[in-house]
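Accompanying notes for the structure given below.
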Amino acid sequence: MTDPNTTIIEGRRADTGRRIRLVANGGFVASMEETESPGQAAAGPDELWIAPGFVDLQINGYGGEDINLTGADMHQRVETVKRLVRAVLASGTTSFCPTVITASFEQMKDCMTAVRLACEQDELTASAVAGIHMEGPYISGENGPRGAHPAEHVRDPDWAEFSAWQEASGDRIRLVTLAPERPGAAEFIRKLTEAGVVASIGHTAADHDHIAAAVEAGARMSTHLGNGAHPQLPRHPHYIWSQLAEDRLAASVICDGHHLHFSVVNVMHKVKGETLLLVSDAVHLAGLPPGTYRTHVGGEVELLPSGRLHMVDNPNLLAGSAVSLADCVGRFAQMTGSPLATAVAMATDRPARLLGCAGIGTLEIGQAADVVTFRWNAEAGKLDVQAVYKRGRLVGPERRGEIVPRT
Ligand SMILES: [Zn+2]
């Protein structure tokens, strides 16, 4: 008789390349045994790979569910968070940061409250939310660096305002993206750092000195480096060079094939080394059919069959991405010629460590059995998720017709 608390997962580890048999019990990894003898054949096209579930530091929405929902009551917001968690899990991402973006005080507070209530009411949500990423409102108001954030709500850092949001979230805000040139930014970053919140530079038009001051104050990351920037920059110096040159800054990149040219991805990979990590920056349209959609982030956006998502009134401006982190892992490996193990680490271990999350992002005995299995087509840069387990329980993908918990 099989134990309902036990799950057995077999595949070739993406990090070591060794075939294993992983046994999860009670939601945690109980054992991992190698199942091949030395010298066994290399991985074939039908190989089933096994990796920790992906960890995404930036998700605005997925599968039609939007964390930054407007005009909704609290019940609708909380249920949206729960549905979002399930849609994200089914994509192969087992931990993530719901990303609350620039808006009015009340709107952002409602988003924070909704995440807290969803976590308090729903165990699956609580285990999948690694923390809230607050992107804005303390960002640049300039066109370009501001991206699709609403101009009327960008403003200077305000610790009292942030504290109210942090309280509403139940202390879940763990990552804040801001522009260092905003008055009071350095002091704000110092306070974030003291509070254990990661300060990240993004949506910025800062000069070199402001970036240096932000790093001195404790900033540790660049948010989607190379995006949320002016279409044209002075050749040097400018804020992208300054952030690339700073070893104390990790950097996230949106490697969806649209946000960054492959040459830029390669340079960032070479410069940032083991501190470069992948985020999807997925918006709620990710996973929906191509077409034109109206959104709260400044009007109409168009989703192309290629997965490119841009503003209708200015197609040069991207409006977030419409891919999963699993897609980005595949794309990154293809664009840079990196080993699969490297691309997977950039979407598992590295983001988990940056956020200070123990127990996720690696495959180790005693850790949560958050596991994804997939097939890997290196030539096409395509990572095809086959099964997703959260704490040992099957949660995706939906298209295989398996039972995915929806409540
Ligand atoms: Zn952004």
When you look at Gly257, is it touching a Ser or Thr at 6+ places or on another chain (Cβ under 9 Å), away from the ligand (no atom under 16 Å from the Cβ) and not hydrophobic (A, V, I, L, M, F, W, C), yes or no?
-> yes
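From the list Arg375, Arg353, which one is more than 20 Å from Val265 (Cβ to Cβ) and either part of a helix (DSSP H, G or I) or among the small types (Gly, Ala, Ser) (or both)? Walk me through it before giving the result.
On the way: Arg375 fails: either part of a helix (DSSP H, G or I) or among the small types (Gly, Ala, Ser) (or both).
Within the list Arg375, Arg353, the selection yields Arg353.
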Read through the list (1) assigned by TED's automatic domain parsing to the domain that holds Gly287; (2) over 14 Å from the mean Cα position of the chain (by Cα); (3) not in a helix (DSSP H, G or I), then give the number of the only condition that Gln334 fails.
-> (3)
Within the range 206-222, the residues that are within 16 Å of the ligand (Cβ to nearest atom) and either of a type in the set (Lys, Arg) or out of contact with any strand residue (DSSP E or B) (no Cβ under 7 Å at 6 or more places or on another chain) (or both) are Ala206
Hey, any hits in the range 67-89 for a residue that's open to solvent by less than 10 Å² (accessible area, probe 1.4 Å), in the same structural domain as Arg393 (by TED's automatic domain parsing), more than 15 Å from Phe374 (Cα to Cα) and under 25 Å from the mean Cα position of the chain (by Cα)?
-> no
Applying the selection to the range 342-367, what residues are under 13 Å from Arg13 (Cβ atoms) and surrounded by fewer than 15 Cβ atoms within 10 Å (Cβ to Cβ)?
-> Glu364
All positions within the range 184-205 that are under 18 Å from Ser252 (Cβ atoms) and either in contact with a His (Cβ under 7 Å, 6 or more places away or on another chain) or within 16 Å of the ligand (Cβ to nearest atom) (or both) = Val198, Ala199, Ser200, Ile201, Gly202, His203, Thr204
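Among the residues of the range 129-140, is any away from the ligand (no atom under 16 Å from the Cβ), within 30 Å of Asn314 (Cβ to Cβ) and in contact (Cβ under 8 Å) with a residue 12 or more places away in the chain? Write out each step before concluding.
Here is the first cut: in the range 129-140, the residues away from the ligand (no atom under 16 Å from the Cβ) are 129-131.
Keeping just the survivors that are within 30 Å of Asn314 (Cβ to Cβ) gives none.
The answer is no; no qualifying residue exists.
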When you scan the range 111-128, how many residues do you find that are crowded, with 24+ Cβ neighbours inside 10 Å and within 17 Å of the chain's Cα centre (by Cα)?
-> 2
Would you be able to tell me the number of residues in the range 28-66 that are open to solvent by less than 10 Å² (accessible area, probe 1.4 Å) and part of a loop (DSSP other than H, G, I, E, B)?
-> 1
Only one residue in Gly71, Gly92, Gly63 is modelled with pLDDT under 95 and more than 25 Å from Leu317 (Cα to Cα), so which one is that?
-> Gly71
Of all residues in the range 35-58 being at pLDDT below 90 and among the acidic types (Asp, Glu), which is nearest to Gln386 (Cα to Cα)?
-> Asp46
(1) open to solvent by 20 Å² or more (accessible area, probe 1.4 Å); (2) assigned to a helix (DSSP H, G or I); (3) within 16 Å of the ligand (Cβ to nearest atom): which one isn't true of Met108, the others all being true?
-> (1)
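Whether any residue in the range 300-313 is open to solvent by less than 30 Å² (accessible area, probe 1.4 Å), on the phi < 0 side of the Ramachandran plot and assigned to a loop (DSSP other than H, G, I, E, B) is what I want to check.
Of the residues in the range 300-313, the ones open to solvent by less than 30 Å² (accessible area, probe 1.4 Å) are 301, 303, 307, 309-311.
The next check asks that each one be on the phi < 0 side of the Ramachandran plot; those that pass are 301, 303, 309-311.
Then keep just the ones that are assigned to a loop (DSSP other than H, G, I, E, B); that gives none.
Within the range 300-313, not a single residue is open to solvent by less than 30 Å² (accessible area, probe 1.4 Å), on the phi < 0 side of the Ramachandran plot and assigned to a loop (DSSP other than H, G, I, E, B).
The values are calculated or read from the model by the stated rules, or taken from the named source; none is laboratory data. Everything quoted here is computed from the prediction, not taken from an experiment. Every residue, glycine among them, receives a Cβ derived from its backbone with ideal geometry; neighbour counts consider all protein chains shown. Heads up: the accessible areas ignore ligands, DNA and RNA and are worked out on the full protein's heavy atoms, side chains in. Shrake-Rupley method; radii C 1.70, N 1.55, O 1.52, S 1.80 Å.
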